[in-house]
Structures are given as structure tokens and as C-alpha cells.
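Encoded as C-alpha cells, the structure appears first; notes follow it.
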Amino acid sequence: RYYSGEKKAPVLTVFIGGNHEASNHLQELPYGGGGGAWWVQERRGYAGVVRFRGVRIGGISGIFKSHDYRKGHFECPPYNQQTIRSAYHVRNIEVFKLKQLKHPIDIFMSHDWPRSIYHYGNKKQLLKMKSFFRQEVESNTLGSPAASELLQHLKPAYWFSAHLHVKFAAFMQHETNSKEELPKATKFLALDKCLPHRDFLQIIDVEHDPNAGDALEYDPEWIAVLKATNSLVNVTQSSWNMPEKNGLHAKWDYSATEEAIKEILEELNHDLKIPCNFTLTAACYDPSKPQRNVEPVHTINPQTTEFCAQFGLTDINDRIQQAKEEGSGRGEYEEEEEEEEMDSTGSAEEPSEYNTDNSGLSSINPDEIMLDEEGGDEDLSTCSVDPSPDHPPDFSTSFSDIRIMPDSMAVSSDDAMDSNNEDLEKSGVSKQGEEKSPTERSLKRIGADENGNSGIKKIKRRNQAIYAAEDEDK
């Protein structure tokens, strides 16, 4: 996966983090980075937008967990049993920043799926392949509500996700706010895990500027948003809400004005090229010199320091380090951390999935999806989302309009149309605000008859609460 030494990735690579990355290293680049020398050429940080040949590419890292959503970015190495998980959980500030964008986004990436996107594709085939999704699909609790919020706001041309280890395509036509507004549509694609005989790769042609250079570029609107929201940076564990137009906040609109965007362009002398200034902060792995039980340290990355200095932004890791040192000096940091850990693991609203024993970090990750890798009863030859043979796709815009794609890319129009009406009503979209009891939440992805006997296919304990129902956040 990684390129050691000073080798350069052979293909331009832009990625967002999920729940399988080395959080201690990626956390060094909260605003993104990479730069070309080492193993990637760009990473989107906690959230971000870059440009490549005229194409705007945005993304948000991590997965959604309601109990961490409203917290600040407080985690840092060395992690405990709680923070090693919460470090990659999506925070509301990143969603808030992305919702300040007004200019069109071409491609957006998230690790987990936007909630409800399964209603816009071949849902029948999806549930045929992953029958254990049925309960969450029917209750409309599968996926990230934060990503769904961004999907509705940004309306990108393409949205790519992963996480659920299945290939799935969908076509979502967005509603317009006025008759004068042109309708927008999003083509969604999730791919399977990178294993033999699995649909893990898809090539898509995206309209771009062929005369543009091959360098990644800063997005001036995104930089302007970062500067506008810099005062909102929070590195505490306390839950907090983003500014809203509800009479409680003097300012709630942090979108970039044309003047602010112009100032960014002038600061950069209209040269938006992202510099290749990645700096190694950890020794490359040497199999001849194995190191075991090396505790990760909290590192301030020079690339982030330079980026923050250039645009007048707060280095989140530096702020975390300062808060930790100040709190330790007063003997408060450890106490606050202990209290917060007790609060997050002892909530009656949402039972914690974390083991409170910090004596050793377990290799079992409750956020990891292990659905069928050990040889389930699925026929891997049917892992493509094929359209219904009786009802070929009739969307006015589909993937096949861009490029002749395999049939697995097509979406069944009859299934999508049925889903948008009858199935959507059954799914309880209009009841998203209703709460489910902790007992109901704990039964997710596990089948059992009335006598308590498990169904045909059991889901491992660590997967039962991958997507917990929303708690007090709503």
C-alpha cells in the first residue's frame, strides 16, 4: 500500500481517511497534505477541497458516530481505548465548513455512505447481496446522516464511498428551489473490498480541462472558508453546536464572499499550485529492523505548520499540545479526560461500544466491517449491482452517458422509482427524528427467531453497532 523512501506514487492519488488508517500519522495533516514525495500526492485532511485540471474534488474523512459528532478534535497520541476509535469519527465543525461552500462541486468522497442513498439504486439487488442490511435500510438508519446532509447541500456531480464492502450505484435527482433553477443530479458509486473476484475497481471519465497542468491546486473558496471559520476551532471534549440562525448566535453565515476569494487569489499571486513539501516525520518501515511496542508520539508536522502560517490558520495539533501541557500543569487534563470517558461509556442513551480497560489496546475494532470475508454463503460472482432484465435503465442521465460502463454500473429504474415512493414511506424517512430504545439499537444486524435462535447468517459482535441510531443529537 505504501511507498517507502523517496519514491513517488505512479498515479496522482487523492484520498480521504476511513476507519482503517494510521490515525496518529494522518492526524498530523488536519488540513490535508502529501505533496508528492512519499506515498500519496494529496490527502483531504478532516475535510477539504482541491482542484485538478478544473475539477473540484471535495471530501470528508472518518465515519459517523453520534456520541462524538459534536465534540472538538481533542485526540492525540498516545491513544487510549476510547480515543483510538474516536480519532476518526466525523465532527460537526467539518460538516459546517463544507456547508459554507456555494460554488459547484464535481466530485465528493466520504468513507461511509450518505444515509438514504440506497433508495436511489437497485435496492433489491443490494439486499439480495447483503441481507443483513435490511433492518437498517427499512428503518432508514444505514449510513451517515451527516453525509446525507452534505449530499443535499452540495449536490455534487459524483459521490464516491466505501465502507460497506459492496459495489452499489445510484442516481439521485435533486429537487430545485425554484422554476428558474436547473435541476442537479448526483451519480453515486461505492465499490467492494479489494479482494479477488470482487468489484473493487471502476474507471470513469470526468469532464475536465485538458489544457490545464497536472498539478493539484488549492481551492480559493475553501481556503476562504477555513479562514472565516478559524475562530470556531475547538480542541476540547465538550459537546458544542455550530452557529445557527436561531437567535442565539450573532453570526451564523461563514460562507466566502467574492471579495474574500479575490483576496486569497491575490495572496497566492494567482498561483494555486499546491507545493510538494511533504516532510517525513516517522522512519520508514524496515523489515530487517523490526520495532515492536513502540508508543506513537504526538507530532507537529512541518507541512501543516507552513500551511497554517501561510493562511493565518490555527494548527490544531499545536493547539491540542498546548491545551494538554496547560491542563497537565494544573492537573486538570487527565481529570477532564477521565470524566469525559466515563460520560461517553456510561450513557444510558447509547451504550458504549468501547472497552473501558485501557491496559492494552485491543486489535478488535468495533467500527470494522467483517461481513463476509471469512467465506460467507454469498456467491461472489453476483457481486455486481445489475439492473432488472425486464426493466432496463431509462434515466435521462446515467453513467453510460459518460462512458460505456459495465452493466454492473447501471441502476434499475423500476426499483429506483418504487423506492422513491412506496419504499421511502415504509422506510420511515418522515420519522427520522423519532428515537429508538437502546434495546432496539442493540439488535441491529443480528437475526434471531422468537426463541432467540440466530438466523442463517450471524454477524460478528463487533459489527452489531456499526451504525448506531441517532441519540440526543436530534
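Coordinate-derived values only; no laboratory data. Everything quoted here is computed from the prediction, not taken from an experiment. Neighbour counts run over all protein chains shown; Cβ positions are idealised from the backbone, glycine included.
Values as computed for the structure displayed
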| quantity | calculated |
| --- | --- |
| Positive-end residue, segment 13-328 charge dipole about Cα centroid, Cβ charges, pick of Y120, A250, N293 | Y120 |
| Antiparallel %, DSSP beta bridges [both residues in segment 13-328], to 5 | 55 |
| Relative contact order (percent, whole number), segment 13-328, Cα cutoff 8 Å, 6+ residue spacing | 22 |
| Reduced Cα scattering model of segment 88-216, Debye log10 I(q)/I(0), q = 0.16, 0.18, 0.19 Å⁻¹ | -0.91, -1.11, -1.20 |
| Counting all C-alpha pairs of segment 188-237, share separated by more than 14 Å (%) | 76 |
| Antiparallel bridge percentage (DSSP; both residues within segment 136-289; nearest 5) | 65 |
| Distance violations [Cα-Cα > 30 Å] among K102/K324; K102/K179; K262/K324 | K102/K324; K262/K324 |
| Segment 42-151 - Rg and Dmax from Cα coordinates, angstrom | 15.8, 44 |
| Segments 99-112, 176-189, 61-74 sorted - mean Cβ within 10 Å per residue, highest first | 61-74, 99-112, 176-189 |
| Sequence-distant residues sharing a close amide H with H174 (under 5 Å, placed H) | K184, A185, T186 |
| Segment 253-265 - phi-based ³J(HN,Hα) in whole Hz, Karplus 6.51/-1.76/1.60, Gly and Pro as x | 9, 10, 5, 7, 7, 4, 5, 5, 5, 5, 5, 4, 4 |
| Estimated Rh, segment 239-320: Kirkwood, alpha-carbon pairs, angstrom | 17.3 |
| Cα Rg, Dmax, segment 13-328, angstrom units | 20.0, 66 |
